[in-house]
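To start, the structure itself, in structure tokens.
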């Protein structure tokens, strides 16, 4: 463990004060600005989103494709055999149990709402084209599969590996 995540004798967790203070100040500044100027902040982030969608969508697709390939390489190469934890430890649960718990935790709450709502939302108001059409239904399902499929799980796997290692 590194210094920023070790618990001291009193049970509290040590943390890196400069990182915490900079993060807290940034977040607090954003919250205060949003509370005081909601219309301006909304206009700014809407313009930012439109710019990203118009000029950098390809970048997001490329990054996710690279992440998928990286996760598969990690899983099926010798790196997939690296034990996360002490050499002498044994897992508390079987692979199937871990997979089921992680899958249920990751999908449970999301599917309760978005399993039905997301495709309907994209069908009625698609990013491109007219809502309520056959083309909108096709695009709605494509977006839903993209958001809930291998692409999203690959991103989750990278974050999980970073936290676990």
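Okay, residues lined up against (1) within 17 Å of the chain's Cα centre (by Cα); (2) loosely packed, with under 13 Cβ neighbours inside 10 Å; (3) on the phi < 0 side of the Ramachandran plot:
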{"residue": "98", "(1), (2), (3)": "no, yes, yes"}
{"residue": "126", "(1), (2), (3)": "no, no, yes"}
{"residue": "129", "(1), (2), (3)": "no, yes, no"}
{"residue": "141", "(1), (2), (3)": "no, no, yes"}
Checklist outcome for this item: When every residue in region 1-25 that is surrounded by 11 or more Cβ atoms within 10 Å (Cβ to Cβ) and at pLDDT below 90 is compared, the one farthest from the chain's Cα centre (by Cα) is 14
Next on the checklist: Here is a check on your reading of the model: is residue 54 surrounded by fewer than 11 Cβ atoms within 10 Å (Cβ to Cβ) and at pLDDT below 85?
Outcome noted: no
Checklist outcome for this item: With the first residue restricted to region 1-22 and required to be assigned to a helix (DSSP H, G or I), and the second required to be modelled with pLDDT of 80 or more and surrounded by 10 or more Cβ atoms within 10 Å (Cβ to Cβ), Cβ contacts under 6 Å at 6 or more apart or on different chains are 4/15; 4/16
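For region 121-142, which residues satisfy the criterion of being modelled with pLDDT under 90 and under 19 Å from residue 61 (Cα atoms)?
127, 128
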Checklist entry - Only one of (1) surrounded by fewer than 10 Cβ atoms within 10 Å (Cβ to Cβ); (2) closer than 30 Å to residue 143 by Cα is not met by residue 81, so which one is it? => result (2)
Item to check | Matching helices (runs of 4 or more DSSP H) fully within region 79-165 where at least 3 residues are in contact with a helix residue (DSSP H, G or I) (Cβ under 9 Å, 6 or more places away or on another chain), under 27 Å from residue 66 (Cα atoms) and touching a residue at least 60 places away in the same chain (Cβ under 8 Å) | outcome: 150-164
Checklist entry - Among (1) more than 23 Å from the chain's Cα centre (by Cα); (2) surrounded by 10 or more Cβ atoms within 10 Å (Cβ to Cβ), where does residue 49 come up short? => result (1)
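The values are calculated or read from the model by the stated rules, or taken from the named source; none is laboratory data. Being a predicted model, the structure only gives us computed values, none of them experimental. Glycine gets a Cβ as well: all are built from the backbone with ideal geometry, and neighbour counts include every protein chain shown.
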